[in-house]
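The values are calculated or read from the model by the stated rules, or taken from the named source; none is laboratory data. These numbers come from a predicted model, not from an experiment. Here the Cβ positions follow ideal geometry from the backbone for every residue, glycine too, while neighbour counts run over all protein chains shown.
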Amino acid sequence: MKHKHTVQPSTLIISVGGSLVAPSEGIDHAFLKDFKKLVSKQIKKGWRFVIVVGGGSTARQYQEAARKAGKLTRDDLDWLGIHSTRLNGHLMRTVLRDVAYPVMIKDPTCELKKWKQPVLVAAGWKPGWSTDYVATRLAKRLNAKIVVNLSNIDYVYTKDPRTNPDAERICEISWKEFRKMVGNEWDPGMNVPFDPVASRLAHQSGIMVAVLNGKNLKNVDDLLNGKSFQGTMIGA
């Protein structure tokens, strides 16, 4: 099933999963190149972008190494994840340097008065909040009604399709139903389509989330052009 939304160029919040930027086999420069091409093309049509980058396998590798070396608190694990998102965020900002605000945002509550460029790059903030939460917080501040969540899945499924052959894909789901699936607690390094704390804020703020596969950037292009796209709409 494909969705179609009538869209007018405005400010779009994109939460880019760290697994797209830094998968376990290494940094995906081809994705970064294609993503830059997409952003540059859509800027010419009047779009502005806030891009929030996740930690991906960089975060998981650091967290795993630290766990093996000794006893850690949740905050320790979270800070390793946060700094991984900032490393990936700096990479994204560097790739987009000709169109991006020169400073990567680490605090979604900070002043944005000097932001004139078409792109703003942000990353992790503080323990307890994921990059999905940072994206939702910025969406609320900027009155954006939709957050595009790019990961490496085509849809949200009823169960993990990698381990459950009977998992069914979900094209549209309410926040109430989605939140039943993911629960309410954030756990550093957890792997869910959209994190529980961000889901609660989006639900309360009337923000929809489109979950799309970032490996298929044509899909994102279609969404921005008001064409049919493949993915899951949460909160629709």
For the stretch 32-52, the count of residues that are within 26 Å of R137 (Cα to Cα) and touching a Leu at 6+ places or on another chain (Cβ under 8 Å) equals 13
Restricting to the stretch 100-120, name every residue that is under 15 Å from A139 (Cα atoms) and loosely packed, with under 13 Cβ neighbours inside 10 Å. D107, T109, C110, E111
Can you pull out the residues in the stretch 39-79 that are over 18 Å from the mean Cα position of the chain (by Cα), among the aliphatic types (A, V, I, L, M) and closer than 25 Å to H29 by Cβ? I43, A65
Counting only helices (runs of 4 or more DSSP H) wholly inside the stretch 127-236, the ones holding at least 3 residues that are within 20 Å of A59 (Cβ to Cβ), within 17 Å of the chain's Cα centre (by Cα) and not charged (D, E, K, R) are 131-141, 196-205
Report whether or not E185 is at pLDDT 90 or above and of a type in the set (D, E, K, R). no
If you check D107, D78, which single one turns out to be more than 15 Å from V52 (Cα to Cα) and of a type in the set (D, E)? D78
Which listed residue, of D34, D78, D28, is under 16 Å from D195 (Cβ atoms) and among the charged types (D, E, K, R): D78
